[in-house]
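First the structure, in the form of structure tokens, and then the observations on it.
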Amino acid sequence: MRILAVPAIVYLVLSSGDGSSTAATVIFLVAALTDFLDGSLARATGSVSEFGRILDPLADRIFISATVIALTIGGRLPLIGVALVVSRDIFIILGYKVLGGRGIKLRVSFFGKVYTAVLMLAIILCMADWGPWLILFWVGVAGSLLTGLYYTLRGISQLTRVEPVE
């Protein structure tokens, strides 16, 4: 749902003139809520799959990155913050690809989920032009960088782990 919502959100943000759009806000909000509901439902029913574990974080990265890029083009978000978030996301996606190629699977951390929620809330408030969205955005950027460091250290730890010889 999040990936399918991206073209509409980007179009609405870019065509709004100032980057704020009620329609884009509603679509983003509904898609963000499906992320929360989907994960909660999968855990509650025990139907968490390996496909979902891979696709869900990737969908978040695409959903958030495309939207913040559109908001930057629309003049709503600072380029440096968006560049940091998008660069971190590309780095993490590539890192997961490298680790996956070596049979290493890292799970999304609780802090990673929190940072994603903070960024989604900041984006919603930014598009609605309401509340302290810029402060939340910078908190989300900081969380993004911290979780990027955390995942990097976990990945390096897994890559350099020496298995005992039997």
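The values are calculated or read from the model by the stated rules, or taken from the named source; none is laboratory data. From a predicted model like this one, the values you see are computed outputs, not experimental measurements. Using ideal geometry, Cβ is built from the backbone for each residue, glycine included, and neighbour counts are taken over all protein chains shown. SASA here: full protein model, heavy atoms, side chains in, ligands and nucleic acids out. Shrake-Rupley method; radii C 1.70, N 1.55, O 1.52, S 1.80 Å.
Quick notes
- Residues (polar (S, T, N, Q) and over 19 Å from PRO132 (Cβ atoms)) located in segment 46-71: SER47, SER49, SER65
- Of the listed requirements (1) part of a helix (DSSP H, G or I); (2) crowded, with 20+ Cβ neighbours inside 10 Å, SER87 misses just one: (2).
- Residues of segment 1-44 classified as surrounded by fewer than 20 Cβ atoms within 10 Å (Cβ to Cβ) and aromatic (Phe, Trp, Tyr), total: 2
- Within segment 116-132, considering residues that are part of a helix (DSSP H, G or I) and open to solvent by 40 Å² or more (accessible area, probe 1.4 Å), the one nearest to PHE36 (Cα to Cα): ALA117
- Residue check, LEU29 of a type outside the set (Val, Ile, Thr), in contact with a Leu (Cβ under 8 Å, 6 or more places away or on another chain), under 13 Å from ILE123 (Cα atoms) and touching a residue at least 12 places away in the same chain (Cβ under 8 Å): no
- Odd one out for PHE111 among (1) surrounded by fewer than 14 Cβ atoms within 10 Å (Cβ to Cβ); (2) of a type in the set (A, V, I, L, M, F, W, C); (3) modelled with pLDDT of 95 or more: (3)
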